[in-house]
1. Of all chymotrypsin sites (Phe, Trp or Tyr not before Pro) in the stretch A:82-155, which ones are in loop regions per DSSP and have a Cβ with at most 12 other Cβ atoms within 10 Å?
2. Among A:A100, A:A117, A:A28, which one shows the highest mean-square fluctuation when chain A is modelled as a Gaussian network with alpha-carbon springs under 10 Å?
3. Would you please give the FRET efficiency between A:A139 and A:A108, computed as 1/(1 + (r/R0)^6) with r the Cβ-Cβ distance and R0 = 35 Å, to the nearest 0.05?
4. Let me see the pair-distance distribution of the stretch A:122-161: every alpha carbon pair, 10 Å bin width, integer percents in order.
5. Could you list A:R73, A:R23, B:R54 so that the one with the fewest beta carbons within 10 Å of its beta carbon is first and the one with the most is last?
6. 7 Å from Cα along Cα→Cβ at both B:A34 and B:R156: what's the point-to-point distance in nm?
7. Looking at the stretch A:3-50 from every direction and averaging, what is the projected area of its Cα convex hull in nm²?
8. Report the relative contact order of chain A, percent, no decimals, based on alpha-carbon pairs under 8 angstrom and at least 6 residues apart.
Amino acid sequence: MDCPTAQTNLSAYLRGDLPLDQRSALVAHLRGCRICLVRLAAVDPLASVLVQTETPPVPSGFERRVLAAARSRRSQVVAVAWSPLRWWRMASAPMHAAAAAVLVVGLAAGLALGWAARPATRQAQEDSQAMALTTALAAYNLDYLGDAPGGSLADSYLALLTNRKGGRQ
Amino acid sequence: MLGVRDGDLFAFEQLVLRHQAEAWRVAYRFTGDAAEAEDLAQQAFLKVLDAAPRYTATAAFRTYLYQVVTRRCLDHRRKKRPVLMEVLPECATDAPTPGEEADAVERDQCIQSALAALPADYRMAVVLRYFEGLSAAEMAVAMGRSVKAVERLLARARDALAPRLELFRGKMR
């Protein structure tokens with residue numbers, strides 16, 4: 001950077017309005033140019049002193065230590081509070097596929113079991129009640145109650161015995 | 001930053017490599033101690049990682065990082081017992097030094113001790129403006145204050161530092 005450019009940029013530099021690359025170039029120029037430094041001192045004495053100081057470079061291996069801390073912290077977080085959403089975000093594509101497959105198989109198994117255990121139809125219910133009545137009449141020697149009219153005391157007794165709702169009409 | 005938000009550690013590594021100098025400079029200039037500065041800069045990056053799922057890109061990432069580092073530094077100073085100095089340590093004399101390099105080292109030490117003697121928020125204002133080149137608006141975001149408030153802080157910090165650094169200005173003329 002030449003002196004005229006540097007001196008033009010001094011105001012923007014002091015306001016903090018210079019883009020990063022221009023700022024770095026100006027600082028480098030000011031450290032080597034006494035004339036421009038004196039110009040800066042006339043506007044902002046503190047800036048002219050501070051611009052000459054060097055900050056030590058970032059310690060070597062800093063990013064490695066940050067990453068190691070990040071990895072250890074992340075594994076601790078996962079162990080303490082597992083969250084499905086967080087897991088989904090962090091998992092790889094094969095893990096996503098495996099999770100989806102497990103979900104589909106689980107749903108299919110649930111549907112199959114539910115279908116097998118579905119409630120019996122009305123016809124099947126009536127058939128099973130008739131079978132239960134026949135069995136009960138034979139088992140307890142209650143043949144004589146077989147012709148009991150619907151709604152009678154005998155019919156109610158038979159309904160209780162065969163788990164039938166209501167008496168015969 | 002979007003990659004970091006999705007839990008990508010490689011993206012986080014790139015972020016650290018790109019911005020480590022800024023975090024380190026602020027922390028070092030604020031504390032004046034390399035070990036403390038490294039610890040604070042590391043904490044700031046871990047905070048960025050933790051908060052990544054909630055991050056919304058309302059400003060440049062650099063501004064956001066300055067905000068995180070500034071908070072870490074100021075919180076650290078609040079927790080730490082302050083060292084009260086009735087008189088600032090002597091740092092520069094009129095005695096001649098062996099060479100320019102020794103001069104520079106002495107000057108840097110003196111500036112750092114003058115900065116250390118400032119109240120924490122004055123010091124942070126000086127660091128963000130003079131070492132990092134932030135505008136008043138960016139400083140206001142980083143420090144969580146209004147633009148007018150940071151301008152006032154800067155003015156007071158200049159007044160506090162000026163007598164201490166007068167000698168260097170004299171040497172420059």
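The numbers here are math on the coordinates, done by the rules we state, and not lab data. Here the structure is a predicted model, which means the values were calculated and not measured. Don't worry about glycine lacking a Cβ; one is built from the backbone with ideal geometry, like all the others, and counts go over all protein chains shown.
1. Here the chymotrypsin sites (Phe, Trp or Tyr not before Pro) that fit, given the DSSP loop and packing criteria, are A:W82, A:Y140.
2. A:A28
3. So the FRET efficiency works out to roughly 0.25.
4. With a bin width of 10 Å, the distribution comes to 29, 57, 14.
5. With the fewest neighbours first, A:R73, A:R23, B:R54 line up as B:R54, A:R73, A:R23.
6. Placing both labels 7 Å beyond Cα along the Cβ direction yields 3.4 nm.
7. In nm², the orientation-averaged hull projection of the stretch A:3-50 is 2.9.
8. Relative CO of chain A lands at 10 percent.
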